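Computed from the coordinates by the stated procedures, all read-outs in this text should not be read as laboratory data. Since this is a predicted model, take the numbers as computed values, not measurements. All Cβ positions, glycine included, derive from the backbone under ideal geometry; neighbour counts span all protein chains shown.
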Amino acid sequence: MSKSAVKAFTPSGFVYKSTDLPEATKKDHKKLGLTTDNVMFLFREMFLQRRFEERAAQMYQKGKFGGFLHLYIGQEAVSSGVNFVLQPDDDIITAYRDHGWGLVRGISAKAGMAELFGKATGCSKGKGGSMHYFNAEGHFWGGHGIVGAHIPVAAGLAFANKYEENGRIAAGFFGDGAVDQGALHEAFNLAQLWKLPVLFVVENNGYSMGTATNRHTATEIYKRALGYDMKHAIVNGMDLFSVIETMQEVAKDIRENSNPWFLEIRTYRYRGHSMSDPGNYRTKEELEEFKNNDPIERLKTYILDKKLAKQAEIDAIMDEVEKEVLEAVDFADESPFPESNTLYEHIFSGDDLVIHDHK
Amino acid sequence: MPELQFREAIRQAMQEEMRRNEKVFLMGEEVAEYNGAYKVSQGMLDEFGPKRIIDTPISELGFAGIGVGAAMNGLVPIVEFMTFNFSLVGVDQILNNAAKIRYMSGGQVNMPIIFRGPNAAAGQLGATHSVAFESFFAYFPGLKVIYASEPYDAKGLLKSAIRDGNPIIFCESEQMYGMKQEVPDEEFLIPIGKGKIKREGSDVTVVAHGKMYHLAVEAAKALAKDGIDCEIIDPRTIKPFDIDLVIKSIKKTNRCVIVDESHPFGGIASEVGFLIQRDAFDYLDAPVQRVTLPDVPAPFAKNLYDLWYPNAKQVVDAVKSVMYKN
Ligand SMILES: Cc1ncc(C[n+]2csc(CCOP(=O)(O)OP(=O)(O)O)c2C)c(N)n1
Ligand SMILES: [Mg+2]
């Protein structure tokens, strides 16, 4: 083994850079077809995701609930940008870093917070927890905890849409770690072979737990598409307008031509992998560099520069969001835990009590 | 009544349900152009076309997952595994996704999906191609498991399975595909979770499903010559298991032998045996006995295979032992 290879396998004292951001788009909101209202809505939505999770982290630290808690903070431009372009009845599925996705897909802050607390009023009735948010009515299909396992399921959602000829498309989101799973390759091959109307998106946030992307995956991630002749692009995920710009082209192409796409959206998570991770595998400088590119701050500056709103209006939105989140915390706290008998519910449809040796 | 092969009964069940419900489709390796690795889906491509009879690459993880997503989004996939041995490379989709998503979503997401194909040993195919998976799948909450022993049951149960709206493991057998039985022309359904007394008897209750049912029949014939009268119960569905039928029978016979193609540890015989000792302890005149595979992978050599695979003689001996007649 060469000296440099040894170094590469001994991360202590050797910190890897996460990921390089491509250029952000130069187009302004008007060029992208967004109204001022759209921009303000998106600002509010991104800020809601941020405050929701900051409060969730506090509640976790206070011991209000247990389990894993993976925060999406830093990545909000991806969920908001993608969801803005998709239709409300397009299908979305994601991994366990799912709170932001749930919030943009019709799960209220109350139902989301209550799910974290494991309450009956949660978006999955307290049965799923942080990693398994669902809102089937809003075409949000989870919340999935096995890395990579939902990638073929995304293709299956798209398969059903194509079978039904309903004009809907499906979009599946996963982390850079999931790219290393075989499921991705089987799903890519099938999706391309069968021309499924599906969008695969890796949210490359630079790390799979503590393993930097270039330490866990060979070559550039987007190149996974090349072997399948799949259309692909790299996107700056710290910039809302860049996500929207690409998504407008991609969603249209998938809908019109029924072929899959693979987007590598480069982004960054500010917090640890989960609540127990102090993040020693990266430098403070790197974290600061990305925070300087913060999608919410960028949009706020844009709004002020373009005079889309005054500081007072922004403050009012932020206060309103803060209130919404605090109400959600109270709601979650005061909500009842699921009734004991619900332990046995929701296994099968129809006659629910087909449970072995249960009387 | 027409006589149907097992494979024809399964085919008819799929055809009838596909005519009835446009959301039902079949996918798997070689199911379309090749007419099925074991000719179960013969002619179905002609009738339903490539939209609904779909050849897949050898990507069990991929197409099982596509089935799961399609089921969540309103379709009713029938996913054929060339054999259940190959389901292992895709089993995450069955155990983590198909079986659990409804529960984790608090009942929001339905999962109407059938995984079917041949199961268990089929002669000298070696260790990777000979596994009986019914007890393995039955272990997991969220799955229903069916393993019919005869064409009539297979047809009625598969039709019920396709209408059930839940994830179902439907086990077949290469060695039974050619087996014939009269099956009525008129439509019929067999409820999931109901066993059947297929031979009435007074001395011993023999519980046997799938291929093992036929061993039990052979053994019962031999035992009858010795004046021992077996009652044979075919549970037909492994999960939910019709334990009430078994207990009722034991209250009459006071003796029981379970014939199970699983390996012994944690197999169906262990679970059913436990339930019997708990629920019928006072009625038993002898400990429950079982005939299973040994705790050994399938060997290839003919002589070793014959030693490995359960046979009617073992069933006869087990019955005699609970009768204290050997
Ligand atoms: C199959 C599987 N292996 C391991 C894990 C444990 N695990 C959970 S998250 C994770 C890292 C995944 O990182 P990435 O895909 O980049 O997503 P991110 O956390 O960055 O959003 C690991 C190893 C798992 N959940 N599933
Ligand atoms: Mg990552």
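All other residues with a Cβ under 15 Å from the Cβ of A:T301 taken together, and with Lys, Arg as +1 and Asp, Glu as -1, what is their net charge? Please report the intermediate quantities before stating the final value.
Details: positive: A:K291, A:R298, A:K300, A:K306, A:K307, A:K310; negative: A:D28, A:D239, A:D294, A:E297, A:D305, A:E313, A:D315.
Neighbour charge sum, excluding A:T301 itself: -1.
Once amide H atoms are built 1.01 Å from N in the peptide plane, which residues 5 or more positions from B:T205, or in another chain, come under 5 Å H to H?
For B:T205, whose amide H was placed from the backbone, the distant partners under 5 Å are B:E231, B:R255, B:C256, B:V257.
Past 23 Å, Cα to Cα: identify those pairs from A:K31/A:K307; A:K31/A:K195; B:K221/B:K252; B:K39/B:K196; A:K231/A:K252; B:K239/B:K325, in the order given. Intermediate results must be reported in sequence, preceding the final value.
Numbers: A:K31/A:K307 16 Å; A:K31/A:K195 31 Å; B:K221/B:K252 20 Å; B:K39/B:K196 28 Å; A:K231/A:K252 13 Å; B:K239/B:K325 33 Å.
Where the Cα-Cα span goes over 23 Å, the pairs concerned are A:K31/A:K195; B:K39/B:K196; B:K239/B:K325.
Given q = 0.12, 0.16, 0.19, 0.20 Å⁻¹, what are the Debye log10 I(q)/I(0) values for the range B:1-146, with equal point scatterers placed on the Cα positions and solvent ignored?
Log10 of I(q)/I(0), two decimals: -0.50, -0.89, -1.22, -1.33.
Once phi is turned into ³J(HN,Hα) by the Karplus curve 6.51 cos²θ - 1.76 cosθ + 1.60 with θ = phi - 60°, what whole-Hz value does each residue of the range A:192-206 show in order, with x for glycine and proline?
6, 4, 9, 6, 7, x, 10, 10, 9, 10, 8, 8, 7, 9, x
If I take all pairs of Cα atoms in the protein assembly as shown, what percentage of them are more than 46 Å from each other? Don't jump to the answer; show the numbers that get you there.
Working: 66814 of 234270 pairs.
Percentage above 46 Å: 29.
On a 19 Å Cα-Cα criterion, which of the cross-link pairs A:K162/B:K23; A:K125/B:K100; A:K162/A:K223; B:K100/B:K144 come out too long? Display every interim value, and only then the final one.
On the way: A:K162/B:K23 12 Å; A:K125/B:K100 14 Å; A:K162/A:K223 26 Å; B:K100/B:K144 12 Å.
Checking Cα-Cα distances, A:K162/A:K223 exceed 19 Å.
If we sort B:150-159, B:298-307, A:214-223 on the protection proxy, mean other Cβ atoms within 10 Å, highest first, what's the order? Don't jump to the answer; show the numbers that get you there.
On the way: B:150-159: 24.5, B:298-307: 13.2, A:214-223: 15.4.
Packing proxy ranking, top to bottom: B:150-159, A:214-223, B:298-307.
What net charge do the residues around A:A160 carry, taking every other residue with its C-beta under 10 Å from that of A:A160, with Lys and Arg at +1 and Asp and Glu at -1?
Numbers: positive: A:K162, A:R168, B:K23; negative: A:D91, A:E164.
Summing Lys and Arg as +1 and Asp and Glu as -1 gives +1.
State, to one decimal in nm, how far the label point of B:A301 lies from the label point of A:Q87, with both points 7 Å from Cα in the Cβ direction.
6.5 nm
Below 8 Å between Cα atoms, with a sequence gap of 6+, how large is the relative contact order for the range B:103-238 in percent? It would help to have the intermediate numbers written out before the result.
On the way: 237 pairs, mean separation 37.3, N = 136.
Relative contact order for the range B:103-238 comes out at 27 percent.
Applying the Karplus parametrisation 6.51 cos²θ - 1.76 cosθ + 1.60 with θ = phi - 60° to the phi angles of the range B:111-120, what ³J(HN,Hα) value in whole Hz is obtained for each residue in order, glycine and proline being reported as x?
9, x, 8, 10, 10, 9, x, x, 9, 6
Using Cβ counts within 10 Å as a stand-in for footprinting exposure, how do B:M82, A:M209, B:M176, A:M275 rank, fewest first? Walk me through the numbers on the way to the answer.
On the way: B:M82 19, A:M209 13, B:M176 22, A:M275 16.
In order of increasing Cβ crowding within 10 Å: A:M209, A:M275, B:M82, B:M176.
For A:I221, what charge total do you get from the other residues with a beta carbon under 11 Å from its beta carbon, if Lys and Arg give +1 and Asp and Glu give -1? List each step's numbers first, then the result.
On the way: positive: A:K223, A:R224, A:R266; negative: A:D176, A:D180, A:E203, A:E220, A:E264.
Net charge in that neighbourhood comes out at -2.
Starting from the exponent 0.38 and prefactor 2.2 Å, build the expected Rg for chain B from its residue count and divide its actual Cα Rg by it. Let's see the in-between values first.
Numbers: Rg = 19.6 Å, N = 326, 2.2 N^0.38 = 19.8 Å.
Here the answer is 0.99, to two decimals.
Give the distance, in whole Å, between the Cα centre of the range A:267-340 and the Cα centre of the range B:120-185.
Value for the Cα centre distance between the two parts: 52 Å.
Do the sum for chain B: with -39,500 (n - 2.57) for every DSSP H run of n ≥ 4, divided by all residues, what is the mean residue ellipticity at 222 nm, to the nearest 500 deg cm²/dmol? Let's see the in-between values first.
Details: 11 runs with 112 residues, N = 326.
Per the formula, -10000 deg cm²/dmol.
Below 8 Å between Cα atoms, with a sequence gap of 6+, how large is the relative contact order for chain B in percent?
Details: 696 pairs, mean separation 51.9, N = 326.
This gives 16 percent for chain B.
Give, rounded to the nearest 20 debye, the magnitude of the charge dipole that chain B has about its Cα centre when Lys and Arg contribute +1 at Cβ and Asp and Glu contribute -1 at Cβ.
Values: 35 positive and 42 negative charges, 106 e Å.
Magnitude of the dipole: close to 500 debye.
Roughly how many Å is it from the Cα centre of the range B:16-41 to that of the range B:229-255, as a whole number?
Between the Cα centres of the range B:16-41 and the range B:229-255 lies a distance of 34 Å.
Quickly work out the B:F281-to-A:Q311 label distance, labels modelled 7 Å from Cα along the C-beta direction, and quote it in nm with one decimal.
My value for the distance between the label points is 7.9 nm.
In nanometres, what is the gap between the two model label sites at A:E256 and B:W308, each 7 Å from Cα along Cα-to-Cβ?
A separation of 5.8 nm, rounded to one decimal place.
Taking other Cβ within 10 Å of each residue's Cβ, how do A:V329, A:V153, B:V79 sort, fewest first? Please list the in-between numbers first.
Working: A:V329 21, A:V153 33, B:V79 29.
Ascending Cβ contact count within 10 Å gives the list A:V329, B:V79, A:V153.
Arranged by the count of other C-beta atoms within 10 angstrom, fewest first, what order do B:E30, B:E134, A:E256 take? Walk me through the numbers on the way to the answer.
Working: B:E30 16, B:E134 25, A:E256 10.
With the sparsest Cβ surroundings first, the list reads A:E256, B:E30, B:E134.
Between B:E30 and A:T36, how high is the FRET efficiency from 1/(1 + (r/R0)^6) when r is the Cβ-Cβ distance and R₀ = 60 Å? Nearest 0.05.
Details: r = 58 Å, r/R0 = 0.96.
That pair, B:E30 with A:T36, gives E of 0.55.
Which loop-located chymotrypsin sites (Phe, Trp or Tyr not before Pro) does the range B:216-288 contain, where loop means any DSSP state but H, G, I, E or B and the Cβ has at most 11 other Cβ atoms within 10 Å?
Numbers: sites: B:F241, B:F265, B:F274, B:F281, B:Y283; in loops: B:F241, B:F265.
Listed in order of number, the matching sites are B:F265.
Under 20 °C and 1.002 mPa s, how fast does the range A:163-278 diffuse according to Stokes-Einstein, given a Kirkwood radius computed over C-alpha pairs? Answer in µm²/s, whole number. Show your work: numbers first, answer last.
Numbers: Rh = 14.9 Å.
Here the translational diffusion coefficient equals 144 µm²/s.
Would you kindly calculate the mean projected area, averaged across all directions, of the convex hull enclosing the Cα atoms of the range A:249-359, in square nanometres?
15.2 nm²
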